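Q: Mind looking over this structure? Questions follow.
The values are calculated or read from the model by the stated rules, or taken from the named source; none is laboratory data. Not measured: the values here are computed from a predicted model. Quick reminder, even Gly has a Cβ in these numbers, built from the backbone with ideal geometry, and neighbours come from all protein chains shown.
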Amino acid sequence: MHAHMAAAADWAWWIGLLLGAVPLLALAVWHCNDAGHCAAFALKRWRRRPRLPPGHMGLPFVGESLALLWYFKFARRPDGFVHAKRRRYAGNDDAGLYRTHLFGSPTVLVCSPAANKFVLQSSQDGTFGASWPAPELVGVSSVVNVEGSQHARLRGFILAAINHPSSLRTIAEVIQPRIMAALRSWADKGTVTAATEIKKVVFENICKTFVSMDPSPLTGTIDGWFAGLIAGFRAFPLDFPGTAFRHARACRKNLDTAFREELQRRRKKELDVHNDLMGGLMQMEDDQGKKLDDDEVVHNIVTLVFAGFESTSNNIMWAVYHLAKSPDALRKLREENMAVSRDRNGGFVTLDDIPSMKYTAKVVEETIRVANIASSVYRVALRDVEYKGYTIPKGWRVVVWLRSLHTDANYYDDPLSFNPDRWDKPPKPGTYQVFGGGPRICAGNMLARLQLTIMLHHLAVGYKWELLNPNAEVIYSPHAKPVDGALISFSKLNSD
C-alpha cells in the first residue's frame with residue numbers, strides 16, 4: 001500500500017512540475033525574443049535612456065511573421081495585424097509606431113499619416129534607405145534597391161521614359177489596338193475570368209512597350225515565371241526545396257537569364273535600341289560617360305516589366321468588379337465616355353482627352369484606393385531616428401503600412417464602399433498614399449492611371465458585363481482578388 005502511495009505521489013509531483021513548468025517555459029520562449037532585443041537596445045544606449053516604440057517581437061527567429069501571414073492568407077483580414085497592434089499598444093500618445101519582428105528582422109511598423117510621411121520624406125536625407133526583405137527578388141541593382149545618385153539617375157530616366165506627357169502620349173497610341181482586340185475576343189467568348197484576361201492584355205502591352213516583345217511561347221513562359229516570383233514576396237524567407245521563397249528565387253533567376261539573352265541578342269545584332277525602355281537603359285550614361293553594366297540593365301528591366309503589369313492589371317480587375325456592383329457609377333462613366341467617343345468618332349482616346357474625363361478620373365482614384373495593391377513599402381534606419389519620443393534603432397527595418405490608411409473610417413466615410421463621388425473633395429492630408437511617397441514614390445504612377453483610364457473608356461463605350469459570383473470570397477495573398485478571379489459574362493453593349 002505504501003509503495004502504491006509513494007508511486008502515486010511521485011506521479012503527482014511530476015505532473016505538477018510538468019503543468020507548472022510548461023506554461024513558464026512557453027512564457028519564457030514567447031518573451032525572450034522581445035526581451036533580448038529590448039535589452040540590447042538599452043545597453044547600447046544606456047546614457048540616453050531612449051524608448052523603443054511599444055509592441056512585441058513574437059517568437060525567436062520567426063517573430064510575428066506567421067501572425068501577419070495568417071491574417072492575409074487564412075483570416076483574410078489584411079489589416080488585422082495592424083489593428084491588433086493598435087488595440088493592444090496604442091495609448092493617448094500614440095505615434096503610429098509599433099515594434100515587431102518580421103521576416104527575420106527586428107522591425108518598426110509605421111501606420112499613421114504623419115508617421116508614414118515622416119519616414120517616406122526622410123528617405124532623401126540619409127535617415128532611411130531602401131530595404132526589401134529579399135532584395136534579390138526585386139533586383140539587387142534595380143531602381144527600387146539602389147541609393148543616392150544611382151537611384152536619382154535611374155529614376156530620372158524612368159520618369160522621362162514612361163511618366164512624361166510625350167511618352168504617355170505615345171504609349172496611349174501603342175496599347176489601344178491590343179485592348180480593343182482583347183475586348184472583342186472576350187465578347188466572342190461570352191464568359192471570361194477577368195483577372196486572367198486583363199492580366200494577359202496588360203502584360204502583352206507592357207512587353208511590347210518596354211521590350212518590343214510580341215506574344216510568343218517565350219512571353220508565355222516569362223509570364224509563368226513572374227507568377228512564381230509574385231508568390232514569393234510575402235512568403236517567409238526559407239530557402240528550402242518546396243518553399244514558395246525557393247521557387248520565387250528560381251523564377252527570378254530564370255527571368256534574369258531570359259532578359260539577359262535578349263540583351264545579348266541586341267548587342268550581337270547591333271539593333272537600334274533607342275525605341276523602347278530596355279534600349280534606353282542600354283544607352284544610359286552617367287556624368288562620366290559610363291553606361292550601365294549588363295546586371296544593372298537586366299535587374300532594372302525585369303523589375304520594371306513586373307511593376308508595369310502586375311499592379312495595373314489588378315487595379316483594372318477591381319474596377320470591373322466594383323463597377324459591376326455599382327450601376328449608378330457605371331452609368332455616369334458611360335455617359336462621360338460616350339461623349340468623348342462621339343467627339344473622336346469612335347477612335348482612340350488620346351492624352352488630350354483625359355483632362356476632360358472628370359468622372360473617369362474619380363473612378364480611377366477610387367479603384368486604386370479600394371484595390372489597395374501596394375500594402376506596404378520597406379525602409380531601413382541608417383542611424384538612430386527619433387520620432388515623437390521614440391527611437392527607431394539603426395539597422396532596424398521599417399515597414400510603412402499604406403493600406404490601412406485607405407480603409408480607415410477616421411479618414412474616409414464608409415471606407416470599404418466603392419464611391420467615386422467621394423473624390424468631389426480631396427482626401428485629408430497624408431491619407432492617400434497608394435503610390436508611396438517622398439523621393440521613392442512610384443515612378444510609373446501616371447502610366448498606371450493612363451492604362452486604367454483607357455481600359456475603362458473602351459469598356460464603358462462598347463461593352464456590358466455581369467459578375468457570375470458576386471458574393472465570391474476574396475483572397476489577399478499575394479494580391480487581393482475574388483477566389484474565382486472575377487468570373488464575368490461579357491458582351492457587346494448594343495447586343496440585347
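Q: Just to check your reading of the model, which residue among F245, F233, F240 is touching a Gly at 6+ places or on another chain (Cβ under 8 Å) and either in the same structural domain as W70 (by TED's automatic domain parsing) or closer than 18 Å to L66 by Cβ (or both)?
A: F245
Q: Looking only at region 84-93, how many residues end up being surrounded by fewer than 15 Cβ atoms within 10 Å (Cβ to Cβ) and either in contact with a strand residue (DSSP E or B) (Cβ under 8 Å, 6 or more places away or on another chain) or among the charged types (D, E, K, R) (or both)?
A: 3
Q: While we're looking at this one, here's another question. Confirm whether V140 is in contact with a strand residue (DSSP E or B) (Cβ under 9 Å, 6 or more places away or on another chain), among the β-branched types (V, I, T) and outside any strand (DSSP E or B).
A: Answer is no for this residue.
Q: Just one of (1) touching a residue at least 40 places away in the same chain (Cβ under 8 Å); (2) out of contact with any Ser or Thr (no Cβ under 8 Å at 6 or more places or on another chain) trips up W465, so point out which.
A: (2)
Q: Hey, does region 130-139 have a residue that's surrounded by 17 or more Cβ atoms within 10 Å (Cβ to Cβ) and among the charged types (D, E, K, R)?
A: No, that holds for no residue.
Q: Now a separate question. Read through the list (1) without any contact (Cβ under 8 Å) to a residue 12 or more places away in the chain; (2) farther than 30 Å from K388 by Cβ, then give the number of the only condition that R153 fails.
A: (1)
Q: Still on this model: Does region 260-283 contain at least one residue that is at pLDDT 95 or above, part of a helix (DSSP H, G or I), touching a helix residue (DSSP H, G or I) at 6+ places or on another chain (Cβ under 7 Å) and within 17 Å of F210 (Cβ to Cβ)?
A: yes
Q: Given the criteria at pLDDT below 90, part of a loop (DSSP other than H, G, I, E, B) and either over 30 Å from D384 (Cβ atoms) or assigned by TED's automatic domain parsing to the domain that holds P237 (or both), does A75 qualify?
A: Considered against the rule, which asks whether it is at pLDDT below 90, part of a loop (DSSP other than H, G, I, E, B) and either over 30 Å from D384 (Cβ atoms) or assigned by TED's automatic domain parsing to the domain that holds P237 (or both), A75 comes out as yes.
Q: Just checking, does region 184-191 include any residue being modelled with pLDDT of 90 or more, of a type in the set (S, T, Y) and in a strand (DSSP E or B)?
A: Kept after step one, since they are modelled with pLDDT of 90 or more, are these residues of region 184-191: 184-191.
Now restrict to residues that are of a type in the set (S, T, Y): 185, 191.
Next cut, in a strand (DSSP E or B) only: 191.
Within region 184-191 (the criterion being modelled with pLDDT of 90 or more, of a type in the set (S, T, Y) and in a strand (DSSP E or B)), the answer is yes, since at least one residue qualifies.
Q: Output the residues belonging to region 223-245 that are in contact (Cβ under 8 Å) with a residue 40 or more places away in the chain, in a helix (DSSP H, G or I) and closer than 29 Å to M282 by Cα.
A: F226, L229, I230 - these are the residues of region 223-245 that are in contact (Cβ under 8 Å) with a residue 40 or more places away in the chain, in a helix (DSSP H, G or I) and closer than 29 Å to M282 by Cα.
Q: Of the residues that make up region 246-259, is at least one in a helix (DSSP H, G or I), within 26 Å of S167 (Cα to Cα), in contact (Cβ under 8 Å) with a residue 60 or more places away in the chain and of a type outside the set (D, E, K, R)?
A: no
Q: Scan region 200-211 and give yes if some residue there is closer than 19 Å to A480 by Cα, under 17 Å from the mean Cα position of the chain (by Cα) and in a loop (DSSP other than H, G, I, E, B), otherwise no.
A: Checked against the condition, which is being closer than 19 Å to A480 by Cα, under 17 Å from the mean Cα position of the chain (by Cα) and in a loop (DSSP other than H, G, I, E, B), region 200-211 yields no hits at all.
Q: Just give me the residues in region 432-454 being more than 15 Å from the chain's Cα centre (by Cα) and either farther than 25 Å from D413 by Cα or among the hydroxyl-bearing types (S, T, Y) (or both), in sequence order.
A: Once the filter is applied, which keeps residues that are more than 15 Å from the chain's Cα centre (by Cα) and either farther than 25 Å from D413 by Cα or among the hydroxyl-bearing types (S, T, Y) (or both), region 432-454 yields G438, P439, M446, L447, L450, Q451, T453, I454.
Q: If I filter region 407-419 for residues that are in contact with a Pro (Cβ under 8 Å, 6 or more places away or on another chain), buried (at least 20 other Cβ atoms within 10 Å of the Cβ) and closer than 19 Å to R77 by Cα, do I get at least one hit? Let's see the steps before the verdict.
A: Step one: list which residues in region 407-419 are in contact with a Pro (Cβ under 8 Å, 6 or more places away or on another chain), which gives 407-409, 411-412.
Filter again for buried (at least 20 other Cβ atoms within 10 Å of the Cβ), leaving 412.
Still in the running and closer than 19 Å to R77 by Cα: 412.
The answer is yes, given that some residue of region 407-419 is in contact with a Pro (Cβ under 8 Å, 6 or more places away or on another chain), buried (at least 20 other Cβ atoms within 10 Å of the Cβ) and closer than 19 Å to R77 by Cα.
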